[in-house]
1. Hey, in the GNM for the chain with a 10 angstrom Cα cutoff, which one of 251, 195, 14 fluctuates hardest?
2. Could you list 10, 120 in order of exposure, starting from the residue whose Cβ has the fewest other Cβ atoms within 10 Å?
3. Based only on other Cβ atoms within 10 Å, what is the fewest-to-most ordering of 318, 89?
4. In a GNM of the chain with a 10 Å cut-off on Cα contacts, which of 264, 241, 30 has the highest mean-square fluctuation?
5. Hey, what number do you get for the chain at 222 nm if only DSSP H runs of n ≥ 4 count, each worth -39500 (n - 2.57), divided across all residues, to the nearest 500?
6. Of 331, 82, 218, which is farthest towards the positive pole of the chain's charge dipole, taken about the Cα centre with +1 and -1 on the beta-carbons of Lys, Arg and Asp, Glu respectively?
7. With N set to the number of residues, divide the alpha-carbon radius of gyration of the chain by 2.2 N^0.38 Å and report two decimals.
8. Work out the length of the dipole vector of the chain about its Cα centre, built from +1 on the beta-carbon of each Lys and Arg and -1 on the beta-carbon of each Asp and Glu, and round it to the nearest 20 debye.
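Read the figures in this text as sums done on the coordinates, not as results from a lab. All values derive from a computational prediction rather than experimental measurement. Cβ placement follows ideal geometry from the backbone for every residue including glycine, while neighbour counts extend to all protein chains displayed.
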Amino acid sequence: MRILIYSPSFYPNIGGLETIISTLAHEFVVQGHEVKLVSQTPDKDSLNFPFEVIRRPNNKQLLQLANWCEVYFQGCVSLKGLWPIFLVHRPLVITHQTWYRRNDGKESWQDHLKKLVTRFATNISISQAIANELPSASTIIPNAYCEDIFYEMPEVSRSRELVFLGRLVSDKGANLLLEALVQLKLVGLFPKLTIIGSGEEETRLRQQVIDNQLEQQVIFVGIQVGQDLSKLLNSHQILVVPSLWKEPFGIVALEGIACGCVVVGSDGGGLKDAIGSCGVTFPNGDTQALTQVLKNLLQNPEQLIIYRNKAPEHLLHHQKTAIAKAYLEVIKTAVESS
């Protein structure tokens, strides 16, 4: 098939959507399909891809690309990128990677319009939580992780207890984890925590560590990627994902599980789907519940082994080849029925 992917944001931007779109595009090519990707992100380096990337095309170029393809594939609904299919009849397939609403939970006219678009598209949702918010039927296909980067390294000593991986912004809940450390100190538990990432809340989080005399337990290591990140995750027992907002999914949980971590995460949204049977969830924003979960795991390390033993089966459903194949089955059906 000739697949045109429209992803307004793409490499060198780095994020969950950019990562999954890149993964799918690579796998579509590996599985024998022609792929071209359109993005509004300007190129900043000379990284080569096994598919053509057309950046900031003009209207004529975009229309020519729509004529070329057999299916028009979008990473989330992009209203600005929809117009070509009104002129060129092509099936529209959309992967829904996040919520269509504002940060305060309200829906703008753009959000309403995006949901309306789903009635005229073939829809794929990354979690049941996302699918439940769409007005149209949706096939649920979870996100993949990069198994060639994230895997267990037996030679690495798993010497630290807790790790946080994510942007250091208020929604991600790193402050909640630090509050839990304070509570754990009161019952005589002093786990070591590594905070991976950067963001606008870093200064405040560092001050929270000082104010609560956690300097001997907590280290900040900044942004880590690739093999360095994988090795770092391998040196920890428990990955904590204490998001205050409802995560649409949570690739970070899969990366931690693949590296041998048991995952403790908030249960709102789709994060619980990513964790599966490989960890424990707690109500979003509930410090006491998080503290209790961590206390139980730290005092009963045999539970960690039980959760880790469930990882191989869980990860089979999230490998790149399997996820791309599931996408291609949906795309093929859309093309054949158009």
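1. Highest fluctuation among the options: 14.
2. Fewest-to-most Cβ neighbours within 10 Å comes out as 120, 10.
3. Ranked by crowding around the Cβ, least crowded first: 89, 318.
4. 30
5. That calculation yields -11000 deg cm²/dmol at 222 nm.
6. 82
7. My calculation over the Cα atoms of the chain gives 1.05.
8. 660 debye
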